Amino acid sequence: MNTCAFLLILAVHIHADGIEGPTAGCTFDEGSDPSLCEYSQGDDDDFDWQLFRSQGTSHASTDLIRGSYLMVNSSQHAPAATGHSPGALRVYVRVNGGVLGLPVWNVSGSHGHQWHQVELAVSMFWPNEYQILLEAIVSKERHGYIAIDDIMILNYPCYKAPHFSRLGDMEVNVGQNASFQCVASGRPSETETFLLERHNGKVTTSTSVKHLNYRRFVASFQLDNVQKPEQDLYRCVALSPRGAGVSNFAELLVKVPPSPIAPPQLLRAGSTYLIIQLNTNSILGDGPIIRREIEFRASHLPFSEINGVNMVTYKLWHLDPDTEYQVSVMLTRPGEGGTGPPGPPLISRTKCAGEWSSESYCISPRRSSCNTLCSFRTV
């Protein structure tokens, strides 16, 4: 189907407390105050919306409703042209000049020769700036009219559309689940769809809707096994034929558990101990660091031990003499799953026990492989 898009931008430059009276907006009447109606035509569309006023228009089509309103006319001024599928009307909510995202409300097809009221409940919070964008898409193969009128801005909650409470930011560690709780006031109907919209337009459907009381409910969304690329802004959207509710954008922060860049440093070695410095000034991942641990094992054994550390130096006790050990540092940041992988290992050997001396010997007369023999020397 060949289509052409018509775009009107209505820029609503208000804050949460920016409306002094009960209402403001656009009626498009001849005597209306233009300062209350701050809108502009889109620059990247095919045509412009037309301001139609039936009063004083002698050649107006009888198919048009009387009054003053903005209109997209795809009838090509043909009398009695079919209007059973004039196209579609889409409504977007843009915050702080960001991406357009998905339409929060849309309608298509013919809805009769009459006006239909739709409510859009936008949760506004200072100092954000909001734009309401209305986009009409009409087919060159179809004829009809798409019109909008009385775009009113109210400083009290909508009756038909749910109003979301403030959605707070969330922080999780990589690989964990993120859960958004969208609390709203209103009367949700069975026809409403609840979505979690990402700033780039991708959506997630709700996992459950729970009624707190007859006027308050919460829609839950869960993102499983989140990764760093999923860090973004998200908002709650409620869709229904009678209107839409839109929350503020909240930020999902995805943190990477920390890990040391360098291995710990050996300060001193004894026959049964190693004294090390953690050497955690430089890390990969995100802080803050709330816990430090030492993971160590004998190189010839598969299992390891973990000890908590509260100082920058640590003494490993009760080690076996003349044994090679691998020692790593693990760091933890706040939140579930906040422990990072062990850093690079320090590989070090304990000394021989007692008053020992070292001498070299060959284990095979036919091979040059040699090892260190620890022999006890008595006095």
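The values are calculated or read from the model by the stated rules, or taken from the named source; none is laboratory data. All of these numbers come straight from a predicted model, not from anything done at the bench. Positions of Cβ are backbone-derived with ideal geometry, glycine not excepted, and every protein chain shown enters the neighbour counts.
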Taking the stated definitions as given, is Glu230 acidic (Asp, Glu) and closer than 18 Å to Ala121 by Cβ? no
Looking only at residues in the stretch 126-156 that are under 26 Å from the mean Cα position of the chain (by Cα) and modelled with pLDDT of 75 or more, which one is farthest from Val183 (Cα to Cα)? Glu135
Criterion: at pLDDT 75 or above and surrounded by 15 or more Cβ atoms within 10 Å (Cβ to Cβ) - qualifying residue of Gly97, Gly101, Gly168: Gly101
From Ala262, Ala353, residue being at pLDDT 95 or above and either outside any strand (DSSP E or B) or not polar (S, T, N, Q) (or both): Ala262
Within the stretch 148-164, how many residues turn out to be in a loop (DSSP other than H, G, I, E, B), in contact (Cβ under 8 Å) with a residue 60 or more places away in the chain and of a type outside the set (A, V, I, L, M, F, W, C)? 6
Tell me which residues, restricted to the stretch 171-206, are touching a Ser or Thr at 6+ places or on another chain (Cβ under 7 Å) and at pLDDT below 80. Ser189, Thr191, Glu192
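Sort out for me the strands (runs of 3 or more DSSP E) sitting completely within the stretch 176-248 that have 1 or more residues that are in contact (Cβ under 8 Å) with a residue 60 or more places away in the chain.
Because the criterion is at least 1 residues that are in contact (Cβ under 8 Å) with a residue 60 or more places away in the chain, the strands (runs of 3 or more DSSP E) in the stretch 176-248 that meet it are 178-185, 193-198, 203-205, 232-240, 243-246.
For every residue, the table says whether it meets (1) among the polar types (S, T, N, Q); (2) in contact with a strand residue (DSSP E or B) (Cβ under 7 Å, 6 or more places away or on another chain); (3) surrounded by fewer than 15 Cβ atoms within 10 Å (Cβ to Cβ); (4) part of a strand (DSSP E or B).
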residue	(1), (2), (3), (4)
Phe303	no, yes, yes, no
Met311	no, no, yes, no
His318	no, no, yes, no
Pro321	no, no, no, no
Met330	no, yes, no, yes
Residue list for the stretch 292-320, restricted to those being in contact (Cβ under 8 Å) with a residue 40 or more places away in the chain and of a type in the set (S, T, N, Q): Ser299, Thr313
Lone unmet requirement of (1) surrounded by fewer than 14 Cβ atoms within 10 Å (Cβ to Cβ); (2) over 30 Å from Gly338 (Cα atoms); (3) polar (S, T, N, Q) for Asn177: (2)
When only residues in the stretch 191-243 that are within 20 Å of Val99 (Cβ to Cβ) and among the hydroxyl-bearing types (Ser, Thr, Tyr) count, which is surrounded by the fewest Cβ atoms within 10 Å (Cβ to Cβ)? Thr204
